[in-house]
Every structure is written in structure tokens, then in C-alpha cells.
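Working notes, structure below.
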Amino acid sequence: MGKTYAGARLRRLREERGLSQAALARALDLSPSYLNQLEHDARPLTVPVLLRLTEELGVEAGYFAPSDTARLAAELREAMAAELVAGRLTAGDLDDLAARLPGVGRVLLDLRRTGRDAAEQLAVLAGDRGLPEADTARTPHEEVREFFYRRTNYLHQLDLAAEQLAAEIGLRRGAVAEALADRLDEGHGVRIASGEDTGDRLHRYDADTRVLHLSARLRPGRQAFRMATELAYLEHDPLLSELAGEDNPEGSTAWSLTRIGLANYFAAALILPYAAFHAEAERSRYDIEHLADHFGVGYETVCHRLSTLQRPRLRGVPFSFVRVDRAGNVSKRQSATPFHFSRTGGTCPLWNVYEAFTAPGRVHVQVAAMPDGRRYLWTARTVTRSPGGWGRPGKSFAIGLGCELRHARRLVYSAGLDLADEGAVTPIGLGCKVCDRPACPQRSAPPLGRPLAVRERGSDFVPYTVAD
């Protein structure tokens, strides 16, 4: 174990538990001065002290690891881009803030976002929609993404509730839809009307007649998912509202969209109960296509569920999940890893999620390195949905699932790969505007805060040459 300094995390956890330094020092069999040095990063955490902390305070050892530092630092660089360009801050300043005072960094991000939202509202009231900051305010859908992002895509209370319901109704593989329909009927008087021609609507719940209408185009797995979603509202509506209200005011658009996201989370956790799904994922070495066939659900559903396996004392591989279209738009992103998805500047064109469109239906594997040195194993595959009928446009997405390289050997996709081969690693970045790779030939924009070497009578293979 290398030296780990986690003073801010330790101090925050102690204060949350309502303990004084002296009380915690006694519980850990340490001197108060030694604990004070730990909290002020004058001493690193040792393995014996770390073990005592996890036992005494009831947290995982990973709580004290700076695993989210890279992601927080990247978010700070995006938010403070103007200060970087002006030279008032350096990237090193923000990296140090993220590592030593992550709580302060997150507050700074929230203040920055609040300021941008206020600027947007002021621009609308003033009738001036051309302000440079106007398009940076977060939309309600982005607020929902941030809600799950901040919780590393795991909702413990909701996940447990879904697993308990699955056990209560005797949910078993191969008979999921039947068990859900019985629960809706016997527990709530809700009748299922499936196989109907509902036009472009995939499902609709009529509260007056207590009928759940399901489109004939929905496959059995998707029908089960819609039924499970309705059970989330019928059985845990107050919990959905309570959780959604943690980040957004009740009745707001973001609050309502978060409730939908939470209901969908519950549905996936119900039809893919945590313990059973985790056990099969480990047994199959996280073979996505096998898991989809085994549980009778879609490829995307499996990938999304794999990104939520972060239950304390029964953790799976921590994954990042992303869904993109051909134009590079990210429509879903969740992460239980330090991997950062950029809000500005697009994503990296060297990332294999875009290569997936060149060979639809095939799983693409890539070992990728981020500018901070972290390496990831990424899998990507396309999924397509059609509304039915000749000439009607459908939907095509690439689904990416990635984990840090230290977990790669637990995955079937690492078979045959030399994970130590430097030459097999693809250097990718956070997005061109905030990427620290000045020599990348695929750049679409110059890096923020770096002066360019402009030569009128010369050219380079790299499109934006940074001055030495």
C-alpha cells in the first residue's frame, strides 16, 4: 500500500459520527496528537490504522482512497476554464484542491453551476439570449444525470427494497413477467392489457381504470421492465419522492424526471435482484451477452445493471456506463469509477464507443489510458431499436462499459490481451477542450489554458501546436 493521505475524509467522517478527536482516538487506541496529525495530512494512513478505522466507523477501506480525485479535478477544470485561460489558476492548483479538500471542490462546483443558472435566468428576463454563458446552464435531464453520478449510480435503500420485493413475490428466472403481473393484479388491482396497437406509445398506465397498457412491439423483457416500473410507483412512491427531493425541489421538472429515473432503477433491481445477478456476473466473468440471455433482458439493461453493483461488502467490478449516438451525443452516462465524462468539448474520437458503429452487433474491446495515467478496459457494442414498418427511422446507439485496468482480469473480455503491453494502449482524453494531450493529431479544439505556437510559414501534423 502506498502512502495515503485522507485527512479531510477522516475529519468529515468523524464529524458526521458526532465524535471528538479524543473520543475517536480512544476508540482507535491512538494518541489524540497522532489522530490530529492524520486529519491534517501530517501523517499517512497505515494499514493497521486503516483496518481499525473501517471496523470502528463501519465504512469500506475504499472510502479513504482518493479514487474520485481525477474525476473531481476534471470537473473543476471544466468549471474554471476561464480562470485557467486568464492564468489566475493553474491545473495543478485544481488538482491539489481535488486531492486535499474534495468537499470544498464540490461546493465550488455547485456555486459555479448556481451562478450559471442565474445568468441564464437573467438573460431570459432581459430579453438577451445571446450571452456566452447562456447555453452552459444545466438542463433538467443533466440534473438527473448528476443526481446518479454523485451517488456513483447506486441507491442502497431502493436496491434493497427491490430485492426484498423480488423475494416476497417469488421472482424466478423464466417466469418474471407472470410474477409481476400477479403482484400488480392481486396486490393493486391493476390489469395488464398487452399486445395492443398503441401507436408510438410503448406503455401507458390508466389510473382511473387501473389498466397498464403495453405495446405489441415490446419484447417480453421490456414488458416485464414496464410492469416493474409501475410497481415502483405503486409500492414505493413516497421513497421515490424523498430521494428525488434530496437534490431538486418537489414539483420541479428535474424532480419529476429524477422520480422516473429512480423508478427505472427500481425496475432493473427488481427483475435483476442484486445477490443473484452479482453471483451470475462473477461466475460468468461479466459476460454481458451471456447475462442478457440468462436473465432474458436486453444488452443495454445488463450493462446498466452492471454499473450499479456497489453494495457494501458485496461489490462487483466498478463500471462506467455510457450510451452515445453516431453524432457523439451522450444520452446516458453513469459511473462508479473515477472516469470523467466531459460536459463541454464533446468526448474523445479515439474512444472505441464510436468504433462500434463500424461493425454493428459485435463487441469491441479497448485498453485505454487517460491523461492522468489511469487505464481502463472498455467494451462497446451497438444496439438498435425499430418502431416497425418499412421506411420508419429507428434508434441506434453504442453502449460502452468500462472498468479500471486493475479489475480487467475478472472480465472475460481480457482473455488473450497483454494488459501490460504499453503499445496496445490507446491514449484517450476527457474531451478536446479539457484534454491534457497537446500532441494528439485528432484534436478538434485547442486545449484550454495552454498558449499556442502560431507559425505563419510552417505546419504540423498536430492541428493545434502548443507552445513549449
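Gain on full extension, evaluated as 0.36 nm per residue between LEU111 and GLU242 minus their Cα-Cα distance, stands at 44.8 nm. For the stretch 279-420, the gyration tensor built on C-alpha atoms gives an oblate shape. Its axis ratio a/c (a ≥ b ≥ c) is at least 1.5, and a/b is not larger than b/c.
In summary, the convex hull built on the alpha carbon positions of the stretch 138-271 has an orientation-averaged projected area of 8.6 nm². Would you please give the FRET efficiency between ASP460 and ASP436, computed as 1/(1 + (r/R0)^6) with r the Cβ-Cβ distance and R0 = 22 Å, to the nearest 0.05? According to the calculation, E is roughly 0.75. When Cα extents along the principal axes in Å is computed from the coordinates, the matching label among (i) 93, 54, 46; (ii) 83, 50, 49; (iii) 69, 66, 60 is (iii).
If you plug the beta carbon distance of ARG191 and ARG315 into 1/(1 + (r/R0)^6) with R0 = 41 Å, you get a FRET efficiency near 0.55.
In the stretch 368-468, the C-alpha radius of gyration followed by the widest Cα-Cα span (Dmax) gives 19.1, 58 angstrom.
Estimated at 0.36 nm per residue, the fully extended path between ALA420 and ARG173 surpasses their Cα-Cα distance by 85.0 nm. Once both labels are positioned 7 Å from their Cα atoms along Cα-to-Cβ, the gap between GLU355 and THR90 label points is 3.6 nm. For the stretch 392-438, what does the alpha-carbon gyration tensor say about shape, rounded, prolate or oblate, given a ≥ b ≥ c as the root eigenvalues, a/c under 1.5 as rounded, and a/b over b/c as prolate? Cα axes put the stretch 392-438 in the oblate bin. Under the classification rounded if a/c is under 1.5, otherwise prolate if a/b is larger than b/c and oblate if not, where does the stretch 7-64 fall, given a ≥ b ≥ c as square roots of the Cα gyration tensor eigenvalues? Rounded is the answer for the stretch 7-64, as its axis ratio a/c remains below 1.5.
Less than 14 Å Cβ to Cβ from ALA25, Lys/Arg counted +1 and Asp/Glu -1: what total charge do the surrounding residues give? Residues close to ALA25 contribute a combined charge of +3.
Computed from the Cβ-Cβ distance with R0 of 25 Å, the FRET efficiency linking ALA279 to THR54 stands at 0.55. Placing +1 on each Lys and Arg Cβ and -1 on each Asp and Glu Cβ, with no other charges, gives the chain a dipole about its Cα centre of roughly 860 debye. Of the DSSP H helices in the chain, those that are both long (alpha-carbon extent of 20 Å or more along the helix axis) and hydrophobic (Kyte-Doolittle mean at least 1.0) are 253-271. Length available on full extension from VAL365 to TYR205: 0.36 nm per residue minus the Cα-Cα distance, which gives 53.6 nm.
Only the coordinates and a few stated rules stand behind these numbers; no lab work does. What you see is a predicted model, and the numbers here were worked out from it, not measured in a lab. Reconstructed Cβ throughout: ideal geometry from the backbone, glycine too, with neighbour counts over all protein chains shown.
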